[in-house]
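Undergrad: The structure follows.
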Amino acid sequence: MYTKGLHDLGDGCHAWLQPDGGWGWSNSGLVTGGGVSLTVDTLFDLALTREMLDGLRPVTDIHPVTTLVNTHSDGDHVFGNELVRDVEIVASEAAAALMTQEEVDALARLKKLPGPRGDFVRKVFGPFEFEGITATPPTRTFAGGTSLDVGGREVRLIQVGPAHTPGDTIVEVPDARLLYAGDVLFIGGTPIVWAGPVERWIAACDLMLDLPVDTVVPGHGPVGGKPDVARMREYLVFVQQEAGKVRTCASRRRWGGPATGRPRGGSRRARRAPPAGRGRPRRPWR
Ligand SMILES: [Zn+2]
């Protein structure tokens, strides 16, 4: 059932869901083990994160949070970090590079812009309050992948970005056959390619489809599974193919002849992103 709040997914895994899962309405996760717990992501502002942390208390009073993992650098997954006190905060190096006060302040400024640009930002991000947020970066970073111990329980972090953002990471709980996918999986919403190229996001979907998991918690939307990952992959392939056609037509018009039209993919931001290798993200443990 897709309702707001805490959902017990079994095997000590939980999700905090925020319907309707549109832009800014992100999910977070909680994994318990041996008297402690690990939180996956915070929310877009302090009020929402405070509400989420209060909602997790039936679990975290028994299993205090010792680790916070940020799946990527977007504000709707990190802006509440300052409220999760005295914990180790873990994120990929590429994500950490973007978890700055400048990013917080830039978004707060955008909301005050006059004219249509500001109107658009106010329409999309109106419900969120960005004033008074102190950027709280990771205390530990990694590149590629790493493994965490949560009270004797293994939780694996696999960097699949650049894809949605430069530093995307998915969080696998092997003994629960469960995956927190962050924003490399949107269910029931339109994904944004901030970084790309799209090929790498498709490769990330392939990697998720190969993992031995049954349950997948997306960054936005209801809890799902591999059929949702497959649907996401299908959508990205469609986008890539259609973009290729547009480029081919544009090249023909420009040069007056046939063109191969292979899409280059990737925004300027992605091309500035730290190199993380092309093609399929590697799975560090296999
Ligand atoms: Zn998000």
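The values are calculated or read from the model by the stated rules, or taken from the named source; none is laboratory data. Only a predicted model underlies this, so the values are computations on that prediction, with no experimental measurement involved. Positions of Cβ are backbone-derived with ideal geometry, glycine not excepted, and every protein chain shown enters the neighbour counts.
Undergrad: Could you list, in sequence order, the residues of segment 22-34 that are away from the ligand (no atom under 16 Å from the Cβ) and modelled with pLDDT under 95?
TA: Gly34
Undergrad: What are the pairs with Cβ atoms under 7 angstrom where one residue, in segment 125-136, is without any contact (Cβ under 8 Å) to a residue 60 or more places away in the chain and the other, located anywhere, is surrounded by 11 or more Cβ atoms within 10 Å (Cβ to Cβ) and assigned to a loop (DSSP other than H, G, I, E, B)? Sequence gap at least six, or different chains.
TA: Sorted first by the residue in segment 125-136, then by its partner, the pairs are Ala135/Met99; Ala135/Thr100.
Undergrad: Also: Does His7 satisfy being crowded, with 16+ Cβ neighbours inside 10 Å and over 18 Å from the mean Cα position of the chain (by Cα)?
TA: yes
Undergrad: What helices (runs of 4 or more DSSP H) lie completely within segment 79-189 and have 2 or more residues being of a type in the set (Lys, Arg) and either surrounded by fewer than 21 Cβ atoms within 10 Å (Cβ to Cβ) or at pLDDT below 95 (or both)?
TA: Answer list for segment 79-189: 115-125.
Undergrad: Do we find that Thr39 is in contact (Cβ under 8 Å) with a residue 12 or more places away in the chain and buried (at least 24 other Cβ atoms within 10 Å of the Cβ) in this structure?
TA: Yes: the conditions hold for Thr39.
Undergrad: Would you mind telling me which numbered condition in (1) more than 14 Å from the chain's Cα centre (by Cα); (2) more than 17 Å from Ile62 (Cβ to Cβ); (3) polar (S, T, N, Q) Ser37 fails?
TA: Just one mismatch for Ser37, condition (2).
Undergrad: Just one of Gly144, Gly126, Gly167, Gly152 is within 16 Å of the ligand (Cβ to nearest atom) and not aliphatic (A, V, I, L, M); which is it?
TA: Criteria check complete, one pass: Gly167.
Undergrad: Can you tell me which of Leu48, Leu43, Leu6 is away from the ligand (no atom under 13 Å from the Cβ) and at pLDDT 95 or above?
TA: Criteria check complete, one pass: Leu6.
Undergrad: I want to confirm something. Restricting to segment 197-235 and keeping residues that are away from the ligand (no atom under 16 Å from the Cβ) and not in a helix (DSSP H, G or I), which single residue is modelled with the lowest pLDDT?
TA: Pro197
Undergrad: Can you work out which of the residues in segment 55-91 that are within 24 Å of Asp168 (Cβ to Cβ) and acidic (Asp, Glu) is farthest from the ligand (Cβ to nearest atom)?
TA: Selected residue: Glu88.
Undergrad: If you go through segment 242-262 one residue at a time, do you hit one that is on the phi > 0 side of the Ramachandran plot and at pLDDT below 95?
TA: Looking through segment 242-262, at least one residue is on the phi > 0 side of the Ramachandran plot and at pLDDT below 95.
Undergrad: Tell me, yes or no, whether segment 61-71 has at least one residue that is within 19 Å of Trp194 (Cβ to Cβ), modelled with pLDDT of 95 or more and in contact with a helix residue (DSSP H, G or I) (Cβ under 8 Å, 6 or more places away or on another chain).
TA: yes
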